[in-house]
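The values are calculated or read from the model by the stated rules, or taken from the named source; none is laboratory data. For clarity, every value in this text was computed on a predicted model and none was experimentally measured. Don't worry about glycine lacking a Cβ; one is built from the backbone with ideal geometry, like all the others, and counts go over all protein chains shown. Note: areas computed on protein heavy atoms with side chains; ligands, DNA, RNA excluded. Shrake-Rupley method; radii C 1.70, N 1.55, O 1.52, S 1.80 Å.
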Amino acid sequence: MVTGEPRRILKAGDRCDTRNCGAAAYHRVLFSKGLLDFCHHHYDEAPDSLLAKAVYEIDESWAI
């Protein structure tokens, strides 16, 4: 039986890749040729076309 909050995959040093942001990343989007980390604010602004190209997505907004 697992109790408590799940462990985060993203660490404190993982920061939003959006230009000039630097906030803590709570979303990681993996593409076939790399990945991008986003803070919650910039993830919400991410265009659907960008997310449609994602291979996998990690959403840790539960940790906010």
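Give the range of the longest stretch in the chain that excludes all trypsin sites (Lys or Arg not before Pro) found in loop regions by DSSP and having at most 12 other beta-carbon atoms within 10 Å.
Answer - 34-52.
If I model a spin label as a point 7 Å beyond the Cα along the Cα-Cβ vector, how far apart are those points for S61 and R7 in nm?
Rounded to a tenth, the inter-label distance reads 2.5 nm.
Keeping all protein chains in place, calculate the accessible area per residue for the chain (probe 1.4 angstrom), answer in Å².
Using a 1.4 Å probe on heavy atoms only, each residue of the chain averages 74 Å².
Quick check: at a probe of 1.4 Å, how many percent of the accessible area of region 1-61 sits on carbon and sulfur atoms?
For region 1-61, the apolar C and S fraction of the accessible surface comes to 52 percent.
Averaging sequence separations of C-alpha pairs under 8 Å and six or more residues apart, then dividing by the length of the chain, give the relative contact order as a whole percent.
Relative contact order for the chain comes out at 32 percent.
Using only the heavy atoms of the protein chains and a 1.4 Å probe, how would F31, F38 rank by accessible area, largest first? Before the final figure, lay out the partial values.
Details: F31 45, F38 20 Å².
From most exposed to least exposed: F31, F38.
Inverting the mean 1/r over all pairs of different Cα atoms, compute the Kirkwood radius of the chain and quote it in Å. Present the calculation step by step, with values, prior to reporting the outcome.
Details: mean 1/r = 0.0808 Å⁻¹.
About 12.4 Å for the chain.
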